[in-house]
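Only one structure is covered here, and it is reproduced in the block below.
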Amino acid sequence: MATDFKPAIGKITSVNPATGEVLREFMLATKTEVFAAVDRAHAAQPAWHGLGVRQRINVLDEFRQLLHQRKSEIARLITREAGKPQVEALLTEVLVVLDAARFYLENSYAFLRDQNVPHRNLVMKAKSGLLTREPYGVIGIISPWNYPFSIPATETLAALVAGNAVVLKPSELTSLTALELAALLWKAGVPRDVLQVVIGDGSTGIALVNASIDKLVFTGSVATGRRIAQTAAARLLPVVLELGGKDPMLVLDDADIDVASSGAVWAAFMNAGQACLSVERCYVHRSLYQPFSEACARKAAQLRVGNGMDPEIDVGPLINERQLRNVEAHVEDARVHGARVLTGGVRRSDLGQNFYAPTVLAEVTHEMHIMREETFGPVLPIMPFETDNRAVRLANDSDYGLAASVWTRDRARGEALARRIHAGTVMVNDAVSCFGVSEAPHGGVKSSGIGRTHGIFGLEEMVRIKYLDSDRMPGMKRVWWYGYGESFTRQMEGFVDLMFARSWGKQLRGALRSAGVLKRKGKI
Ligand code: NAD
């Protein structure tokens with residue numbers, strides 16, 4: 001059991017990161033309460049599954065309508081609790097979830113339907129094969145604070161529509177948003193025991209991993225993901241791990257500098273750089289390096305930093321002081337080792353406790369933390385390269401492999417390079433926005449995780465595959481059963497020739513030799 005987490009004592013607090021205002025205090029769910037929640041979920045799940053997929057789809061449809069009606073209110077709540085500008089909350093959280101619901105409404109029925117498995121093995125021809133997709137039972141979901149609505153919602157919708165019950169442990173920093181998600185789903189018709197939220201910190205997460213859940217979908221840091229994987233391995237608990245990223249952006253020599261620099265600035269600073277898909281490393285062809293870096297610095301300096309509730313703001317606060325200190329440490333390490341700060345590189349204490357100026361760094365190297373570890377803050381480090389091969393090597397020189405982007409006027413060249421980058425997603429001429437494509441699988445390679453969420457692959461993670469094999473001739477003993485002997489061996493050699501010999505002649509001789517097997521005597 002993972003035990004290396006010091007629990008907060010009794011209570012956790014939801015705080016507005018822009019103002020420091022305490023939004024609400026919560027009692028931490030104890031281990032006993034988490035175990036009891038999972039037991040209730042087990043008891044409630046069969047009836048939810050028994051409703052059938054069409055009914056569950058209707059509930060999702062109702063949820064979608066309720067969310068649509070309250071879109072702005074929910075976006076405001078996300079901004080108050082997580083700090084991002086309201087329009088980002090609307091686009092990257094509410095809209096993503098509305099579209100994910102649309103995707104599940106449109107695709108779940110066909111996906112969950114039994115599927116015939118035609119086969120070619122002649123000796124098995126009396127069998128009909130069927131694939132059935134069955135819910136795991138209870139899915140545990142542990143989610144982070146940076147997308148406090150869209151991450152737990154997309155995973156929860158997929159789990160529910162497939163017939164599972166869910167016990168969700170949201171980040172201790174964004175409990176209010178998770179409770180609002182649950183309230184919408186309950187109102188839409190999901191029974192309370194089929195979706196439960198257990199409020200708490202890492203200790204609550206540990207309790208959930210150790211409870212009798214049937215699968216865990218975890219989104220968070222690599223360090224926590226590793227600890228969870230160890231605990232899960234001990235009892236072979238299946239897990240999906242959506243972990244951190246250090247996404248590279250490759251700007252090729254034919255890229256449009258104005259477009260690519262605007263893309264870099266948005267993808268590095270949206271959500272104050274606190275996105276798993278943020279551009280965290282930028283590699284630019286030497287011939288564009290100076291104008292591109294200058295354009296990024298100029299555009300970064302134009303961004304308006306402040307409270308996300310103000311519609312004129314581009315970049316909100318970091319989530320808390322700890323996150324801010326992490327960003328400062330990365331920038332300081334880069335500075336000490338020779339990086340040049342083109343803009344930013346300072347706290348914006350004039351705005352409040354958790355603000356940091358959008359920062360562009362030049363002359364960075366792979367020896368610096370800023371190019372190796374996830375920064376999760378508003379920093380864009382830029383490094384030059386000479387050849388496409390070198391750019392690919394730099395992109396792949398990382399423990400992470402969540403996503404990447406290639407920027408070029410030549411799409412074919414971009415796509416060819418994209419195939420050589422080790423990542424779960426590579427975008428050509430855009431970054432981050434793949435999260436808004438509900439059909440696209442989301443997930444990483446290397447330390448960025450295991451498994452996928454979103455799209456059909458995300459649904460696939462929520463079901464167990466069963467192969468249902470039904471023999472059409474119940475009154476007949478199978479030819480391969482006992483009663484072996486010389487003649488049976490010869491017949492079977494003939495049968496193998498019939499199926500796999502290259503020449504027609506040998507196949508025909510094999511057919512004649514094996515024909516007798518149908519009348520084989522002496523079967524036990
Ligand atoms: P975190 O790992 O600190 O916490 C994530 C969740 O795990 C929280 O709910 C937390 O309470 C819980 N937790 C902490 N310790 C635990 C333990 N020992 N056992 C079980 N649960 C535990 O991550 P965070 O700071 O909340 O989120 C930021 C990280 O998440 C970044 O690394 C980011 O890249 C990553 N992330 C990844 C994706 C993705 O889809 N790949 C998406 C968003 C965020």
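Restricting to region 201-217, and then to whatever is small (Gly, Ala, Ser) and within 7 Å of the ligand (Cβ to nearest atom), can you tell me which residue is farthest from residue 35 (Cα to Cα)? Break it down into steps so the answer makes sense when it comes.
Step one: of region 201-217, the residues small (Gly, Ala, Ser) are 202-203, 205, 207, 211-212.
Now restrict to residues that are within 7 Å of the ligand (Cβ to nearest atom): 202, 205.
Numbers: 202: 15, 205: 11 Å.
If we take residues in region 201-217 being small (Gly, Ala, Ser) and within 7 Å of the ligand (Cβ to nearest atom), then 202 is farthest from residue 35 (Cα to Cα).
Among the residues of region 454-473, which ones are among the β-branched types (Val, Ile, Thr) and crowded, with 20+ Cβ neighbours inside 10 Å? Before the answer, list the steps.
Step one: filter region 454-473 for residues among the β-branched types (Val, Ile, Thr), giving 456, 463, 465.
Selection gives 463 alone.
Might you check whether a residue that is surrounded by fewer than 24 Cβ atoms within 10 Å (Cβ to Cβ), more than 14 Å from the ligand (Cβ to nearest atom), farther than 23 Å from residue 457 by Cα and not acidic (Asp, Glu) occurs anywhere in region 218-234?
The answer is no, given that none of the residues of region 218-234 is surrounded by fewer than 24 Cβ atoms within 10 Å (Cβ to Cβ), more than 14 Å from the ligand (Cβ to nearest atom), farther than 23 Å from residue 457 by Cα and not acidic (Asp, Glu).
Among the residues of region 127-137, is there at least one that is farther than 27 Å from residue 171 by Cβ, basic (Lys, Arg) and either surrounded by fewer than 22 Cβ atoms within 10 Å (Cβ to Cβ) or in the same structural domain as residue 494 (by TED's automatic domain parsing) (or both)? It would help to see each step written out before you state the result.
So the first thing to find is which residues in region 127-137 are farther than 27 Å from residue 171 by Cβ, and the list is 127-134.
Narrowing further to those that are basic (Lys, Arg): 127, 133.
Checking which are either surrounded by fewer than 22 Cβ atoms within 10 Å (Cβ to Cβ) or in the same structural domain as residue 494 (by TED's automatic domain parsing) (or both) leaves us with 127, 133.
Scanning region 127-137 turns up at least one residue that is farther than 27 Å from residue 171 by Cβ, basic (Lys, Arg) and either surrounded by fewer than 22 Cβ atoms within 10 Å (Cβ to Cβ) or in the same structural domain as residue 494 (by TED's automatic domain parsing) (or both).
Answer yes or no as to whether residue 283 is part of a strand (DSSP E or B) and either exposed (fewer than 15 other Cβ atoms within 10 Å of the Cβ) or not small (Gly, Ala, Ser) (or both).
Working: part of a strand (DSSP E or B): yes; either exposed (fewer than 15 other Cβ atoms within 10 Å of the Cβ) or not small (Gly, Ala, Ser) (or both): yes.
In short, yes.
Restricting attention to region 97-123, which residues are within 30 Å of residue 481 (Cβ to Cβ) and exposed (fewer than 14 other Cβ atoms within 10 Å of the Cβ)? Before the answer, list the steps.
Initially, region 97-123 is screened for residues within 30 Å of residue 481 (Cβ to Cβ), giving 114-123.
Within region 97-123, 114, 115, 116, 117, 118, 119, 120, 121, 122 meet the criteria.
Looking at 179, 157, which is the one that is at pLDDT 95 or above, surrounded by fewer than 20 Cβ atoms within 10 Å (Cβ to Cβ) and within 16 Å of the ligand (Cβ to nearest atom)? Before the answer, list the steps.
Numbers: 157 fails: surrounded by fewer than 20 Cβ atoms within 10 Å (Cβ to Cβ).
179 is the lone residue from the list that is at pLDDT 95 or above, surrounded by fewer than 20 Cβ atoms within 10 Å (Cβ to Cβ) and within 16 Å of the ligand (Cβ to nearest atom).
Hey, does region 430-437 have a residue that's closer than 23 Å to residue 261 by Cα, more than 15 Å from the ligand (Cβ to nearest atom) and surrounded by fewer than 23 Cβ atoms within 10 Å (Cβ to Cβ)?
Yes, region 430-437 has at least one match.
Checking residue 193 against (1) within 15 Å of the ligand (Cβ to nearest atom); (2) of a type outside the set (Lys, Arg); (3) closer than 23 Å to residue 164 by Cβ, only one condition comes out false. Which one?
Result: residue 193 passes all but (1).
The values are calculated or read from the model by the stated rules, or taken from the named source; none is laboratory data. Just so we're clear, the structure is a prediction, and the values are computed from it rather than from any experiment. Quick reminder, even Gly has a Cβ in these numbers, built from the backbone with ideal geometry, and neighbours come from all protein chains shown.
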